[in-house]
Every structure is written in C-alpha cells, then in structure tokens.
Amino acid sequence: GDLLSPEERAEVDAALARVRSVRDGDDAAAVRAAVEQLNRATASFAARRMDRGVRRALAGRAVDTLA
C-alpha cells in the first residue's frame, strides 16, 4: 500500500468495488469491462511492486554472480 498515492488507492478501490458489484451478475461484458478497468488501475502499482521485489532480491549481489 505504501507504493500507492492516495489518488491511485482511490482509483484501485473504485475499480475493485466495480468488479464486486458486477461479479455475480449475468452480464459478461460488464464483468470483463470491470476487470479490465481494475487491471489498468493496478498496472503501475504491480510494476512498482515487482521492481521493489527484484531490487530486494538483488541487493548486495554482484552482476557476475547472477548467471
């Protein structure tokens, strides 16, 4: 959560709420659209999480030891 700005968090929360509101319905297009919106809202957050994880995994290691 610390990787999200308040605005990004609000966007993710809204997208997640939209998914929850349509998930039990019978409108496949609405579900697909809500999931796509959630994916767009979380894409940069997911990238930052991945970057942080890789950075932590590689911290203190020499490049020549990675092969």
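The values are calculated or read from the model by the stated rules, or taken from the named source; none is laboratory data. Bear in mind that the values here come from a model prediction, so they are computed numbers and not experimental data. Cβ coordinates were reconstructed from backbone atoms using ideal geometry, including for glycine residues, and neighbour counts include every protein chain displayed. Side chains are part of the model used for accessible areas, which takes the heavy atoms of the whole protein and leaves out ligands, DNA and RNA. Shrake-Rupley method; radii C 1.70, N 1.55, O 1.52, S 1.80 Å.
Once the stretch 20-44 is narrowed to residues that are among the small types (G, A, S) and touching a helix residue (DSSP H, G or I) at 6+ places or on another chain (Cβ under 6 Å), the residue that is farthest from L3 (Cα to Cα) is A30.
Filtering the stretch 33-43 to residues that are open to solvent by less than 60 Å² (accessible area, probe 1.4 Å) and touching a residue at least 12 places away in the same chain (Cβ under 8 Å) leaves A34, L38, A41, T42.
On inspection, A30 fails the criterion of being surrounded by 12 or more Cβ atoms within 10 Å (Cβ to Cβ), at pLDDT 95 or above and touching a Leu at 6+ places or on another chain (Cβ under 7 Å). Applying a threshold of 7 Å to beta carbon distances and a minimum spacing of six or more residues, or different chains, the list of pairs starting in the stretch 1-27 at a residue that is of a type outside the set (D, E, K, R) and ending at one that is outside any helix (DSSP H, G or I) and open to solvent by less than 100 Å² (accessible area, probe 1.4 Å) reads V12/L4. Answer yes or no: is there a residue in the stretch 45-67 that is under 19 Å from the mean Cα position of the chain (by Cα), open to solvent by less than 50 Å² (accessible area, probe 1.4 Å) and among the β-branched types (V, I, T). No; the residues of the stretch 45-67 include none that is under 19 Å from the mean Cα position of the chain (by Cα), open to solvent by less than 50 Å² (accessible area, probe 1.4 Å) and among the β-branched types (V, I, T).
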